[in-house]
1. Only residues that are open to solvent by 40 Å² or more (accessible area, probe 1.4 Å) and either over 19 Å from GLN160 (Cα atoms) or of a type in the set (D, E, K, R) (or both): list them for region 52-75, please.
2. I need a count of the residues in region 140-178 that are in contact with a helix residue (DSSP H, G or I) (Cβ under 7 Å, 6 or more places away or on another chain), more than 23 Å from ALA108 (Cβ to Cβ) and either of a type in the set (Asp, Glu) or free of Cβ contacts under 8 Å to residues at least 24 places away in the same chain (or both).
3. Out of ASP105, ASP147, report the one residue that is surrounded by 14 or more Cβ atoms within 10 Å (Cβ to Cβ) and of a type in the set (Asp, Glu).
4. Tally up the residues in region 69-113 that are closer than 14 Å to ILE155 by Cβ and in a helix (DSSP H, G or I), please.
5. What's the number of the condition LEU168 fails, among (1) closer than 16 Å to GLN66 by Cα; (2) surrounded by fewer than 20 Cβ atoms within 10 Å (Cβ to Cβ); (3) not hydroxyl-bearing (Ser, Thr, Tyr)?
6. Going through LEU117, LEU153, LEU168 one at a time, which residue ends up being part of a helix (DSSP H, G or I) and either under 18 Å from the mean Cα position of the chain (by Cα) or β-branched (Val, Ile, Thr) (or both)?
7. Could you list all residues from region 118-135 that are touching a helix residue (DSSP H, G or I) at 6+ places or on another chain (Cβ under 6 Å), open to solvent by less than 40 Å² (accessible area, probe 1.4 Å) and not small (Gly, Ala, Ser)?
8. Please indicate, with yes or no, whether at least one residue in region 8-19 is at pLDDT 90 or above and either of a type in the set (Lys, Arg) or within 28 Å of VAL159 (Cα to Cα) (or both).
Amino acid sequence: KQKPFIIKNIGDSPGSSTCRKHCIPSPERYCYIKEAAMYERMLERQTPPTYEDMILYCGGAGTLFQELNRMLRAEFHTQTLIRFPYGKKNGWGVKHCKKSRYICDIFAEAGAFTVMLRMTNRQFESVYDKLSESTQREIDGKYPCGDGGWIHLRILNRVQFDDAIGLLLVKLGEKRPV
């Protein structure tokens, strides 16, 4: 069994020869050990990550993770909270809400990230035909809740990212084209 993501304080030189082979250097005084399996979430509950830790943990998807969080905060004025919600398996994520209205959670994963959101069936139907097949399958298999359901959309590339944007625009009631 692989160990979860570990943050280890190594002093003033994150790029020192003792950690260069197995770690990602960062401007902070930490070494990020990459021992997580692909798509594993940040499950070390006792070690709250920073936003920068989460970006690094997402690997190649880190820029998309950063872009989505930035867009939600800047364009839609969402409030954010880094939290470890819903038990042991979801890990650390960024919660977005607008006033008291829940928008989504974005969970950092090794090499990816997942957007979790709840929408009504009407909202899903309004954008369904414009989404990729993989996102349509996620919607078809949603966890039912009231007159809609919850989906967990893993983001690995720009197509999935654009699908997440389209869903979030509908959730936020925006009229911009998807």
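The values are calculated or read from the model by the stated rules, or taken from the named source; none is laboratory data. Since we're looking at a predicted model, the values are computed, not measured. As a convention, Cβ positions derive from the backbone with ideal geometry for all residues, glycine included, and neighbour counts pool all protein chains shown. To get the accessible areas, we keep the full protein, side chains included, count just its heavy atoms, and leave off ligands, DNA and RNA. Shrake-Rupley method; radii C 1.70, N 1.55, O 1.52, S 1.80 Å.
1. GLU52, LEU56, GLU67, ARG70, ARG73, ALA74, GLU75
2. Selection size over region 140-178: 2.
3. Step by step, each of ASP105, ASP147 is checked, and only ASP105 is surrounded by 14 or more Cβ atoms within 10 Å (Cβ to Cβ) and of a type in the set (Asp, Glu).
4. Number satisfying all stated conditions: 3.
5. (2)
6. Step by step, each of LEU117, LEU153, LEU168 is checked, and only LEU168 is part of a helix (DSSP H, G or I) and either under 18 Å from the mean Cα position of the chain (by Cα) or β-branched (Val, Ile, Thr) (or both).
7. MET119, PHE124, VAL127, LEU131, THR135
8. no
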